[in-house]
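Quick notes on the structure that follows.
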Amino acid sequence: MRIIVRSSTKKHSPEQTIIHTSTRNATYTVYYNRPYKKGRVIFGELVPYGQIWRTGANEATTFNTDKDVLVDGTTLKAGKYTLWTIPNKKSWKIIFNGYQYDWGVHLIDGTPSRDPEYDVLTLEVPVQPLPNVVEQFSIYFQEANDFSIMHLAWDQTAISIPIKS
């Protein structure tokens, strides 16, 4: 896995690109911005439960796969998607959207810029409470048997998205 950090451009929520190659030679590239906790209550307050979140800060988070993959058993075609989430206390909805947005929210009112018309795949995954605080929002990959797991973690919350190539 390669990690590219461009921290000088966005001091409060630095950009990061994760490039991960699975054991079956599919390459996943995730671009996102990594906000900090800074003593705030994240889920349920800063990021409200039951509402769409751009899954990071600044620009919409993107997920790219160079091969068709199965995400929790559903086919996701090779391509670039924006990644949106709807956090809840016990589970999150994960949404892969086929439109490329310039920014994660509308600049006028701060509402998410996602258009559900372009949703390609939606799944729901359970929340995994963490014993320790993750100060900066993080996305990372792990290999397990014949599939990859994309983890999202922040504060004391994590979720895992199974991806099989």
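The values are calculated or read from the model by the stated rules, or taken from the named source; none is laboratory data. Note that the structure is a prediction, hence the values are computed from the model and not measured. All Cβ positions, even for glycine, are placed from backbone atoms using ideal geometry, and neighbour counts span all protein chains on display. In case anyone asks, the SASA skips ligands and DNA or RNA and just uses the protein heavy atoms, side chains included. Shrake-Rupley method; radii C 1.70, N 1.55, O 1.52, S 1.80 Å.
So is Ile42 of a type outside the set (Ser, Thr, Tyr), surrounded by 15 or more Cβ atoms within 10 Å (Cβ to Cβ), modelled with pLDDT of 95 or more and touching a Lys or Arg at 6+ places or on another chain (Cβ under 9 Å) or not? So Ile42 fails the test. A search for C-beta distances below 6 Å between a residue of region 1-26 that is farther than 22 Å from Asn58 by Cβ and open to solvent by less than 100 Å² (accessible area, probe 1.4 Å) and any residue that is at pLDDT 65 or above and in a loop (DSSP other than H, G, I, E, B), counting only pairs 6+ apart in sequence or on different chains, returns Ser22/Ser165; Ala26/Lys67; Ala26/Ser165.
Here are Thr23, Thr29: which of them is β-branched (Val, Ile, Thr), modelled with pLDDT under 95 and within 23 Å of Lys77 (Cα to Cα)? Checking each option against the conditions leaves just Thr23. All conditions in (1) more than 30 Å from Asp146 (Cβ to Cβ); (2) loosely packed, with under 15 Cβ neighbours inside 10 Å; (3) hydroxyl-bearing (Ser, Thr, Tyr) hold for Ser113, with the sole exception of (2). Quick one: in region 97-117, which of the residues that are hydroxyl-bearing (Ser, Thr, Tyr) and within 17 Å of the chain's Cα centre (by Cα) is modelled with the lowest pLDDT? Per the criteria, the residue is Ser113.
Among the residues of region 121-134, those that are open to solvent by 80 Å² or more (accessible area, probe 1.4 Å) and over 15 Å from the mean Cα position of the chain (by Cα) comprise Pro129, Pro131, Asn132. Residues that are farther than 21 Å from His12 by Cα and open to solvent by 80 Å² or more (accessible area, probe 1.4 Å) within region 84-107 comprise Lys89, Lys90, Lys93, Tyr99, listed in sequence order.
Criterion first (under 20 Å from Gln128 (Cβ atoms), at pLDDT 95 or above and among the β-branched types (Val, Ile, Thr)) does Val69 satisfy it? When the stated conditions are applied, Val69 does not pass them.
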